[in-house]
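*Asks:* To start, I am sharing the structure in question, which I have written as structure tokens.
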Amino acid sequence: MNYFLTEEQEMLKELCAQIAKEKILPVRAEYDESGEFPWDVVKVMADSDIYGVYIPEEYGGFGGGVLEMAIATEELSRVCGGIALAFAASALGAYPILLFGSDEQKKKYLPDIAAGKKLAAFALTEANAGSDAGAIETRAELSGDHYVLNGTKQWITNGGEAETYTVLARTSKGTGIRGMSCLIVEKDTPGFTFGKKEDKMGIRGSATRELIFQDCKVPKENLLGGREGTGFVIAMRTFDKSRPGVAAQAVGIAQGAFDEAAKYARHREQFGQPVGSFQGVQFMLADMATSIEAARALVYQVARAVDAGEKDIAKISAMAKVFASDVAMKVTTDAVQVLGGYGYMKEYPVEKMMRDAKITQIYEGTNQIQRSIIGSAVIKESAAKERNE
Ligand SMILES: Cc1cc2nc3c(=O)[nH]c(=O)nc-3n(C[C@H](O)[C@H](O)[C@H](O)COP(=O)(O)OP(=O)(O)OC[C@H]3O[C@@H](n4cnc5c(N)ncnc54)[C@H](O)[C@@H]3O)c2cc1C
């Protein structure tokens, strides 16, 4: 389907597709096996100016928005959803600065992130605070001209590899979503160390690590949002922008799996004919192709709406994420089915794609949480409609 992308967006798509084919395809199985961080590919992406696609030109970026971030993420994920995350998770870490940073903070941090010289990471989750973001226990106490940060974050994508971290911490004694603030923390800050690197089911080329803060002194000018207590809003507005990126990752993974399944179905013969000639297989391929197109159309439209400045984007961003990630899980599972026993073997990439797809239903808010966001929004909208009747 033609999505009527601009010439620049088409060029970005082609560039990412080329990087994926020439630089990621040959190494994706290796990184999946080793779980190492793909610095060689990151360097290629940085040299190709991919890291700046969603960052304004005045801060060294390409001047695009969420749609450009989604296009790049989709094309890279088509070949490897894990390696693509070295790009997409940097965007997640950068959005709090982009959305809530002062001009000074943006000038200090965004150009290096845009150039891919420094990766970013976003740190909210803790052992006792997953879906319940307001339950974080990491504390930042103001002492003179700096905050003293104490606590442990877990499962942070790009953890240990990134240089710039946007970290949610509690700055007041209260509990819940009030009293949370967001700080920019640089990797080499004394008192900031890294814990366990996770051994994961999928997206194994992505680093997921613990961040440990022990009396870590963060300059007070690194507070985002201009005042304390804005952390929860910063996190939620960040997710509104980044969730279409997870959705795009899901579309890319699904498309990659579909392409493998369609190709295999044309070549594999049973009962003297290609398995793709059987209606049972064709119907699966038809449903896979249709659901991918529906997911892509939703993701692109949501990204365009977000970029056009539509208000109240939490619902539509959640819709894109929940729909595309459910499509990715179904399509990759069906792709394994189309390949039969070979689909279950590591010599074909679809089992990896199925493992990679699963995370898109979990991180940046599980799909149960996305449905809660959508559900409460539609109930509110219905009540508002009734009041206006
Ligand atoms: C590979 C990976 C990378 C990650 N990267 C990052 C990162 O870069 N930065 C970061 O901050 N975090 C990151 N996370 C954390 C991720 O965002 C959380 O795992 C996710 O938000 C869910 O939290 P949880 O795992 O603690 O699940 P829980 O919140 O414990 O949920 C367990 C189950 O209960 C359900 N549930 C919980 N509350 C509700 C509710 N109110 N209604 C209905 N169902 C509910 C959930 O949907 C889930 O099925 C990452 C996680 C993984 C696995």
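*Asks:* As I understand it, the dipole of the chain uses +1 on the Cβ of Lys and Arg and -1 on the Cβ of Asp and Glu, about the Cα centre. Which of THR175, SER372, SER317 lies farthest toward its positive end?
*Replies:* THR175
*Asks:* Counting every Cα pair in region 1-127, what percent are over 27 Å apart?
*Replies:* Result for the distance tail: 18 percent.
*Asks:* Between helix 314-338 and the chain, what is the angle of the helix's C-alpha long axis to the longest principal axis, kept within 0 to 90° and rounded to the nearest 10?
*Replies:* Rounded to the nearest ten degrees, it is 40.
*Asks:* Over all distinct alpha-carbon pairs, what is the Kirkwood Rh of region 189-329 in angstrom?
*Replies:* Every distinct Cα pair counted, the radius reaches 18.8 Å.
*Asks:* Sorted by packing (mean other beta-carbon atoms within 10 Å per residue), highest first, where do 322-335, 242-255 land?
*Replies:* 242-255, 322-335
*Asks:* If Rh is defined by the Kirkwood formula over all Cα pairs and Rg also comes from Cα, what ratio Rg/Rh do you get for region 13-56?
*Replies:* Expressed as Rg/Rh, it is 1.01.
*Asks:* Per residue, what volume in Å³ does the convex hull of the Cα atoms of region 137-263 enclose?
*Replies:* Per residue, the Cα convex hull of region 137-263 comes to 119 Å³.
*Asks:* Also, quick follow-up: Round to a whole number: what % of the accessible area of the chain belongs to carbon and sulfur, probe 1.4 Å?
*Replies:* With neighbouring chains kept in place, the figure for the chain is 53 percent.
*Asks:* Relative to the first principal axis of the alpha-carbon coordinates of the chain, what is the inclination of helix 231-267, with its axis defined by its Cα atoms, in degrees from 0 to 90 and to the nearest 10?
*Replies:* 20
*Asks:* Over the residues of region 79-166, compute the C-alpha Rg and express it relative to 2.2 N^0.38 Å.
*Replies:* Rg over 2.2 N^0.38 Å, computed on Cα atoms: 1.18.
*Asks:* At a Cα cut-off below 23 Å, give the lysines reachable from LYS385, other chains included and same-chain residues fewer than 8 away excluded.
*Replies:* LYS311, LYS315
*Asks:* Write down the accessible area per residue of the chain in Å², having rolled a 1.4 Å probe over the full set of protein chains.
*Replies:* 45
*Asks:* Expressed in whole Å with the largest first, what are the equivalent ellipsoid semi-axes of the chain derived from the C-alpha gyration tensor as the square root of 5 times each eigenvalue?
*Replies:* 36, 24, 20
*Asks:* Sticking with this one: Counting only the backbone N, which residues of region 140-158 are under 14 Å from the spot 7 Å out from the Cα of ALA127 toward its beta-carbon?
*Replies:* 151-155
*Asks:* What length, rounded to one decimal in nm, is gained on full extension from ARG268 through to ASP49, with 0.36 nm per residue of separation minus their alpha-carbon distance?
*Replies:* Separation in residues times 0.36 nm, less the Cα-Cα distance, equals 74.8 nm.
*Asks:* Just to be sure I understand the model, the point goes 7 Å from the Cα along the line to the Cβ. What's the resulting LYS330 to GLU22 distance in nm?
*Replies:* 3.7
*Asks:* Can you compute the equivalent ellipsoid semi-axes for region 287-366, i.e. the square root of 5 times each eigenvalue of the Cα gyration tensor, sorted largest first and rounded to whole Å?
*Replies:* The answer is 29, 13, 8 Å, longest axis first.
*Asks:* Moving on. As an exercise, find the ratio Rg/Rh for region 51-207 from alpha-carbon atoms, using the Kirkwood inverse-distance average for Rh.
*Replies:* Rounded to two decimals, Rg/Rh equals 0.97.
*Asks:* Right, here's the next one. Label ILE362 and LYS346 with points 7 Å out from Cα along Cα→Cβ: what is the distance between them in nm?
*Replies:* Placing both labels 7 Å along Cα→Cβ, they lie 2.0 nm apart.
*Asks:* Could you work out [θ]222 nm for the chain from helices alone, using -39500 (n - 2.57) per DSSP H run of at least four and dividing by all its residues? Round to the nearest 500 deg cm²/dmol.
*Replies:* Calculated from helices alone, the mean residue ellipticity at 222 nm is -17000 deg cm²/dmol.
*Asks:* Per the Cauchy relation, a quarter of the hull surface: what is the mean projected area of the convex hull of the alpha carbons in region 251-389, in nm²?
*Replies:* 10.3
*Asks:* Determine the gain in length on full extension of the stretch THR193-TYR3; use 0.36 nm per residue of separation and subtract their C-alpha separation, reporting nm with one decimal.
*Replies:* 63.9 nm
*Asks:* Once you have all Cα-Cα distances for region 34-91, histogram them in 10 Å bins from zero and send the whole-percent values.
*Replies:* Using 10 Å bins, I get a P(r) of 24, 56, 18, 2 for region 34-91.
*Asks:* Highest first, please rank the peptides 45-57, 26-38 by the mean number of other Cβ atoms sitting within 10 Å of their residues.
*Replies:* So the order, starting with the most tightly packed, is 45-57, 26-38.
*Asks:* What fraction of the Cα pairs in region 211-263, stated in percent, has a spacing above 14 angstrom?
*Replies:* Percentage above 14 Å: 72.
*Asks:* Also: In units of 2.2 N^0.38 Å, what is the alpha-carbon radius of gyration of region 322-387?
*Replies:* Rg over 2.2 N^0.38 Å, computed on Cα atoms: 1.59.
*Asks:* What is the angle, in °, between the Cα long axis of helix 7-19 and the longest principal axis of the Cα atoms in the chain? Nearest 10 is fine, range 0 to 90.
*Replies:* Between helix and principal axis, roughly 80 degrees.
The values are calculated or read from the model by the stated rules, or taken from the named source; none is laboratory data. The model shown is predicted, which means the values in this text are computed figures rather than measured ones. A quick note on method: Cβ atoms are made from the backbone with ideal geometry, for glycine too, and the neighbour counts reach across all protein chains shown. All accessible areas refer to the heavy atoms of the entire protein, side chains included, with ligands and DNA or RNA removed. Shrake-Rupley method; radii C 1.70, N 1.55, O 1.52, S 1.80 Å.
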